[in-house]
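The values are calculated or read from the model by the stated rules, or taken from the named source; none is laboratory data. Quick caveat: nothing in here was measured; it's all calculated off a predicted structure. Cβ coordinates were reconstructed from backbone atoms using ideal geometry, including for glycine residues, and neighbour counts include every protein chain displayed. Quick note on the areas: whole protein, heavy atoms, side chains included, nothing else; ligands and nucleic acids left out. Shrake-Rupley method; radii C 1.70, N 1.55, O 1.52, S 1.80 Å.
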Amino acid sequence: MIRIEPHPWDVMLRHALDCYPRECCGIMLGTLNDGDERTVTAAIACRNSYEGDQSDRFELDPKDQLAAQRLAREQKLEVLGFFHSHPDCDSYFSATDLANSWPWYSNVVISIVGGALNQAKAFRANDTQTESTEEILTWPQS
Ligand SMILES: [Zn+2]
């Protein structure tokens, strides 16, 4: 399961709203306990570097991923996963999302419909990236 603290959630939601109607993307950092419970304590809003129609695609810049790894090390946090938005679409893990994901990491998909938050869900890919399972997600809901 994955829990997002208020500050990173603000960063993620604001980024999703700012990028609407394009997809946003970013990286989540935090802590991990023995029971594989993940707590997101920081989120980094990244540039969508996909060179094409960004209404249903995103690509993270490898430079941003390296910077996130460095920051995680400095702050003694783990890179827990990634987030992106689905403009005018539900939160689900698409075939493209699965193909572009990595096993182990949490992937939060924020659905923005008509410029407002609709829903958020988290997914994890299996080791062969052939299937994803939904992960229990909690975030500060107003
Ligand atoms: Zn997606």
About the Cα centre of region 2-138, what is the dipole size in debye to 20, counting +1 per Lys and Arg Cβ and -1 per Asp and Glu Cβ, all else neutral?
400 debye
Candidates 67, 16, 43: whichever shows maximal mean-square fluctuation once the chain is modelled as a Gaussian network with Cα springs under 10 Å:
67
The longest stretch of the chain containing none of the trypsin sites (Lys or Arg not before Pro) that sit in a DSSP loop with at most 15 other Cβ atoms within 10 Å is 77-142
Over the chain, what is the relative contact order in whole percent, taking alpha-carbon pairs under 8 Å and six or more residues apart?
25 percent
For region 1-26 and region 77-128, compute the distance between their C-alpha centroids and round to whole Å.
11 Å
Rg/Rh ratio calculated on Cα atoms of the chain (Kirkwood radius):
0.93
Rank by packing, highest mean first: peptides 128-138, 98-108, with packing defined as the count of other Cβ atoms within 10 Å averaged across residues.
98-108, 128-138
Judged on accessible area alone, 1.4 Å probe, highest first, 82, 58 line up as 58, 82
How many Å² of accessible area per residue for region 2-138, probe 1.4 Å?
52 Å²
5 Å-binned pair-distance histogram of region 44-92 (Cα, whole percent)
5, 18, 25, 20, 15, 10, 6, 1
Spin-label proximity, residue 17 to region 99-137 - amide N less than 14 Å from point 7 Å beyond Cα toward beta carbon:
111-119
